[in-house]
Amino acid sequence: MSEEKVEGEIEENASGENMDYDKIFEEFPLPMTVKEEIKNELVKINASEDVARKVVKKCYEVYLRNLMEPGEAAGIVAAQSIGEPGTQMTMRTFHYAGVAEIDVTLGLPRLIEILDVRKNPSTPMMTIRLTEEYAQDRSKAREVANRIEATYVLDIADIATDIRRMRILVSPDEKAMERKGLTLEDLKKKIEKGLKNVEVEESDGKIVVQVTEPSYKVLMDTLDKLKKLVLAGIKEIRRVIIRKEEGEYVLYTEGSNLKKVMKVKGVDASRTITNNIYEIYEVLGIEAARNAIIQEAINTLEEQGLEVNVRHIMLVADVMTADGELRQIGRHGVAGEKQSILARAAFEMTVNNLLDAAVRGDVDKLKGITENIIVGQPIKLGTGDVELVLKMGKL
Amino acid sequence: MSKFKLHDHILVPKHILLSDEEAEEVLKTLGVSKEQLPKIRADDPVAKEIGAKPGQIVKIIRESPTAGKSIAYRLVI
């Protein structure tokens, strides 16, 4: 824009060798990325202090001109900017093998999930990175995967019931055991620990679970418990897939439990993430949740080939996390906590809201936008937010 | 292995606990009262890690895709 003009002056006093431009920037509080960009350009043309100051000043003016103006409806712009591309998203729950055969909810259903802050998303998934020692070697990565993936008795053994003698026979498959890194001894111990009122014995490579009480019901209950018994790994993690990515092995899981996985040996806790935002909030705090919302939302939109400026999503994430806890966009969160009765009634459950307010004798102060539109008054947005005050003495 | 710090996690931006004087200064430059700031709970995992008490202000240095680094403040509740 004004670069040509400035460039003419450079020849006159090109004496900016080893200038420290940072000092000039102190007067002009520009964002870091803009600052860096201008600085690089200044270094390139080797600007003198005078020129540099002029350039920065001009840039700062342009920057101020481009800022959002006070009173502008930032929220409505964000809502429209996300809403319009949203109409083009797949409505169907679309399961797509995004990363290595793992089902992930995508499209509109996923976006709704993110904004609703579902505690249990339909397809929780984790991306687990490993520490240096484990990331380079496939067998070592497998080792970590075994520690994470939930292993049930049925995965490594056959279960048979012997009703006549009131006992359950567990016959392990040696190959499966070896793959999971378990021994018969481990299996026996786990079963002993996990079941009550039974006697566990080993015989002939098999494990015999003898029910102490001779009752058919107890036998069946024990069988159910045995089937649900987690021998190794974390209960929530149903499947682990190992993939090589950018020179290191990465684990992808179906199911998620951030807290437990972060403690597993070999897992690089600082680079391990989940797509369950509520879990991130609980384990890593509100700021991490804010970052997760932004990332997940952008990824979901991008995957559908839609381009939405991050700023809009950042605004949404800011609103959702402003109270220090995650609030959903909707009647149980942001919209439902509005103080105006009319604004709430205009959103969802109109009759309920009005009825409750009437019973309580609530008063609407008509301070917000929605309620003023309803009653037909000017709204406090843009130029409507400004009031003229007459100073008596100045007339 | 040394104990894992939440601050090391890629999703967690840097949280700094402000002293009372610094907090006063921040409120003055922003021209707002404490209650107008966004909040962070005292039982938030990261707030616990830096030992924040209700009423204090936490400065958060975020890595922002648009501004490079952006600074935000949260009131501990």
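What follows draws every value from the coordinates through simple rules; no lab data is involved. In this text, all values refer to a predicted model and were calculated from it rather than measured experimentally. All Cβ positions, glycine included, derive from the backbone under ideal geometry; neighbour counts span all protein chains shown.
Short-range pairs are left out: with C-alpha atoms under 8 Å and at least six residues apart, the relative contact order of chain A is 17 percent.
Computed from the C-alpha gyration tensor, the three semi-axes of the ellipsoid equivalent to the range B:11-77 are 18, 16, 10 Å, from longest to shortest.
Separation of the range A:217-295 and chain B, taken as the distance between their Cα centroids, equals 28 angstrom.
Compared with the dominant principal axis of the Cα atoms in chain B, helix B:20-30 is inclined by about 60°.
Result for chain A in a Gaussian network model with C-alpha springs under 10 Å: among A:Glu245, A:Glu371, A:Glu279, the largest mean-square fluctuation is at A:Glu245. Summary of packing: across the peptides A:248-261, A:318-331, the per-residue average of other C-beta atoms within 10 Å ranks them, highest first, as A:248-261, A:318-331.
Rounded to a whole number of µm²/s, how large is the Stokes-Einstein D of the range A:232-378 at 20 °C and 1.002 mPa s, given Rh as the Kirkwood radius over C-alpha pairs? All intermediate terms of the calculation are to be shown ahead of the outcome.
Values: Rh = 18.7 Å.
The calculation lands on 114 µm²/s.
How would you rank B:49-60, B:27-38, A:61-72, highest first, on the average number of other Cβ atoms within 10 Å across their residues? The partial results should precede the final answer.
Numbers: B:49-60: 16.4, B:27-38: 12.3, A:61-72: 10.3.
Ranked by mean Cβ neighbours within 10 Å, highest first: B:49-60, B:27-38, A:61-72.
Fully extended, how many nm does the chain gain between A:Asp103 and A:Lys193 (0.36 nm per residue separation, minus their Cα-Cα distance)? Could you put the intermediate results ahead of the total?
On the way: separation 90, 0.36 × 90 = 32.40 nm, distance 3.38 nm.
Gain in length upon complete extension: 29.0 nm.
Spin-label model, B:His7/A:Thr131: points 7 Å from Cα along the beta carbon direction are separated by 2.1 nm. The label point for A:Ile159 and the one for A:Glu282, both projected 7 Å from the Cα toward the Cβ, are 2.6 nm apart.
In nm, what is the difference between 0.36 nm times the number of residues separating A:Ser171 and A:Phe347 and their Cα-Cα distance?
Working: separation 176, 0.36 × 176 = 63.36 nm, distance 5.98 nm.
Contour length minus Cα-Cα distance gives 57.4 nm.
This model, with +1 at the C-beta of Lys and Arg and -1 at the C-beta of Asp and Glu, gives the range A:151-232 a dipole about its Cα centre of some 280 debye. Listed by chain and number, the lysines placed with their C-alpha closer than 22 angstrom to that of A:Lys365 are A:Lys338, A:Lys380; residues fewer than eight positions away on the same chain are left out.
Looking at the calculated P(r) for the range A:48-193, what percent of the C-alpha pair distances fall above 28 Å? Intermediate values should be presented prior to the final figure.
Working: 6435 of 10585 pairs.
Tail fraction, whole percent: 61.
Altogether, the Stokes-Einstein calculation at 4 °C and 1.567 mPa s, with the Kirkwood radius of the range A:109-247 over Cα pairs as Rh, returns a diffusion coefficient of 75 µm²/s.
Could you give the DSSP H helices of chain A that reach 27 angstrom or more along their long axis (alpha carbon positions) and whose average Kyte-Doolittle hydropathy is no lower than 0.5? Walk me through the numbers on the way to the answer.
On the way: long enough: none.
Within chain A not a single helix satisfies the rule.
Each part gets one Cα centre, and for the range A:316-395 versus the range A:146-160 those centres are 55 Å apart.
Each of A:Gly266, A:Asn40, A:Met166 was placed along the dipole of chain A (beta-carbon charges, centred on the mean Cα), and the one lying farthest toward the positive end is A:Met166. When the Cα atoms of chain A are aligned to their principal axes, the ranges along those axes come out at 106, 71, 37 Å in descending order.
Extension gain for the segment A:Lys391 to A:Asp318, taken as residue separation times 0.36 nm less the Cα-Cα distance, is 22.4 nm to one decimal.
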